[in-house]
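Heads up: the structure comes next, in structure tokens.
The numbers here are math on the coordinates, done by the rules we state, and not lab data. All values reported here derive from a predicted model rather than from experimental measurement. All Cβ positions, glycine included, derive from the backbone under ideal geometry; neighbour counts span all protein chains shown.
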Amino acid sequence: MALGPRCGAIRACRRVLERAFSLRKAHSIKDMENTLQLVRNIIPPLSSTKHKGQDGRIGVVGGCQEYTGAPYFAAISALKVGADLSHVFCASAAAPVIKAYSPELIVHPVLDSPNAVHEVEKWLPRLHALVVGPGLGRDDALLRNVQGILEVSKARDIPVVIDADGLWLVAQQPALIHGYRKAVLTPNHVEFSRLYDAVLRGPMDSDDSHGSVLRLSQALGNVTVVQKGERDILSNGQQVLVCSQEGSSRRCGGQGDLLSGSLGVLVHWALLAGPQKTNGPLLVAAFGACSLTRQCNHQAFQKHGRSTTTSDMIAEVGAAFSKLFET
Ligand SMILES: NC(=O)C1=CN([C@@H]2O[C@H](COP(=O)(O)OP(=O)(O)OC[C@H]3O[C@@H](n4cnc5c(N)ncnc54)[C@H](O)[C@@H]3O)[C@@H](O)[C@H]2O)[C@@H](O)CC1
Ligand SMILES: Nc1ncnc2c1ncn2[C@@H]1O[C@H](COP(=O)(O)OP(=O)(O)OP(=O)(O)O)[C@@H](O)[C@H]1O
Ligand SMILES: [Mg+2]
């Protein structure tokens, strides 16, 4: 008997919380839809008057003896999203393997050569964006070459997406990309903590992921940061976006490579679209790549369940792209 009023109060409290939760959810769905519309605005129309190369020539810098899958996933994803040409600049041991995966990629076995920086630099005038790090490994000589490649890319104002072992390099030398507004970093959970420690010299507040991503971006001079996870949190030091597009619980290796390769193309498209289409181009591009990767994961999981692999996700890029962006 005495519990009656208390139960009523609990039920009322629960109703308020449920309503607040569903309002928040509705609000975030509306935010997601608004941002997806910004992504749609940057996608270049397909046209019979365009020539090969106009919709994107992307370079992936990565691939060593151990890791050949990661640069392949990134480079093929760039093509599947809509780039016209996709190059891989890798260590010599990785090149025949990557070539054998796909005749569609242009593979340069230059990353461990003494002239690596020059060998890549001569291609830069023909590239719209670089994706640096997938499958790069942590060999000192390779990392020194990649440092040089980042320096010449910045000098030529080439947009760079930095992922995986490229982020390892940035954690050792944050000055390499500090203040470069055409850089996007795509750390996973572990890579984010490592970067945060290195740049902000202290552990992050795990209860405040928005604040942590915002602070890291600001400390890096407003470089765009994408923290991947259950929800992707994106910031350019001014705004914070959250991407919670439905994916799945399947976490096979290579999903981040699909994201970084797609982002290489979207960054180019966003910058090409110009400020009248979006005033935060890299953030919009990053939101597009996160949504697309998660949608690919969702679709692949519907078909393959626990056996889903990144190749299954890549097979979904076309349908996922249409569903999200060509409505
Ligand atoms: N098929 C391939 O060739 C692939 C190669 N890869 C390459 O492998 C190299 C190392 O990348 P890693 O991502 O393993 O980086 P690390 O070598 O820094 O390892 C990170 C570790 O953290 C763990 N981890 C990941 N997310 C976590 C989370 N949310 N919470 C706790 N632990 C978590 C992982 O299991 C891994 O053991 C990179 O060059 C990367 O590109 C990956 O991209 C996967 C696919
Ligand atoms: N817990 C999660 N729930 C849903 N999606 C997730 C989750 N964790 C990561 N993702 C999504 O998976 C994609 C890749 O993120 P992940 O953290 O696996 O990258 P990664 O570790 O760099 O991958 P890779 O194996 O390619 O190196 C991102 O699009 C991210 O949104
Ligand atoms: Mg990764």
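For segment 245-310, state the semi-axes of the equivalent ellipsoid (square roots of 5 times the eigenvalues of the alpha-carbon gyration tensor), sorted largest first and rounded to whole angstrom.
Equivalent ellipsoid semi-axes, largest first: 28, 11, 7 Å.
Of the listed peptides 161-171, 295-305, what is their order by residue-averaged count of other C-beta atoms within 10 Å, with the highest listed first?
Answer by packing, highest mean first, reads 161-171, 295-305.
Please state the relative contact order of segment 183-290 as a whole percent: Cα pairs under 8 Å, 6+ residues apart?
Relative contact order for segment 183-290 comes out at 22 percent.
Find the relative contact order for the chain and round it to a whole percent, using C-alpha pairs within less than 8 Å whose residues are 6+ positions apart.
Answer for the chain is 18 percent.
Kindly provide the Kirkwood hydrodynamic radius of segment 95-144 in Å, to one decimal, from all pairs of distinct alpha carbon atoms.
12.3 Å
Once you have the alpha carbon radius of gyration of segment 27-169, what is it after dividing by 2.2 N^0.38 Å, with N set to its residue count?
Normalised Cα radius of gyration, segment 27-169: 1.11.
Quick check: pseudo-label points 7 Å beyond the Cα along Cα→Cβ at Asp197 and Glu104, how many nm apart are they?
Rounded to a tenth, the inter-label distance reads 3.9 nm.
Sort 118-126, 81-89, 66-74 for me by packing, meaning the mean count of neighbouring Cβ atoms within 10 Å per residue, highest on top.
In decreasing order of mean packing, 118-126, 81-89, 66-74 become 66-74, 81-89, 118-126.
Evaluate E = 1/(1 + (r/R0)^6) for Arg156 and His304, where r is the Cβ-Cβ distance and R0 equals 41 Å; express this FRET efficiency to the nearest 0.05.
0.50
Could you give the length gained on full extension between Ser311 and Glu33, defined as 0.36 nm per residue of separation minus the Cα-Cα distance, in nm?
Contour length minus the Cα-Cα distance gives 97.3 nm.
Which order do peptides 127-140, 47-60 fall in by mean Cβ count within 10 Å, highest first?
My ranking of the peptides, most packed first, is 127-140, 47-60.
Given 0.36 nm per residue, what is the gain on full extension from Ser249 to Lys52 after removing their alpha carbon distance, in nm?
That pair, Ser249 and Lys52, stretches by 67.1 nm at full extension.
Contact order normalised by length for segment 63-131, with contacts defined as Cα pairs under 8 Å and 6 or more residues apart; what percent is it?
Result for segment 63-131 is 29 percent.
May I ask for the Rg/Rh ratio of the chain, computed from Cα atoms with Rh as the Kirkwood radius, given to two decimals?
With Rh from the inverse mean 1/r over Cα pairs, Rg/Rh is 1.02.
Which entries in Lys303/Lys323; Lys122/Lys228; Lys30/Lys303; Lys52/Lys303; Lys52/Lys99; Lys30/Lys228 show an alpha-carbon gap greater than 26 Å?
Over 26 Å apart, Cα to Cα: Lys122/Lys228; Lys30/Lys303; Lys52/Lys303.
May I ask you to give the average projected area over all directions of the convex hull of the Cα atoms of segment 191-327, in nm² rounded to one decimal?
For segment 191-327, averaging the hull's shadow over all directions gives 8.7 nm².
Which ordering of Ser311, Ser212, Ser322 is given by a fewest-first count of other beta-carbon atoms within 10 Å?
Ranked by crowding around the Cβ, least crowded first: Ser322, Ser311, Ser212.
Can you give me the convex hull volume of the Cα atoms of segment 98-234, divided per residue and expressed in Å³?
117 Å³
Over all pairs of distinct alpha carbons, what does the Kirkwood formula give as the hydrodynamic radius of segment 166-233, in Å?
Answer for segment 166-233: a Kirkwood hydrodynamic radius of 11.7 Å.
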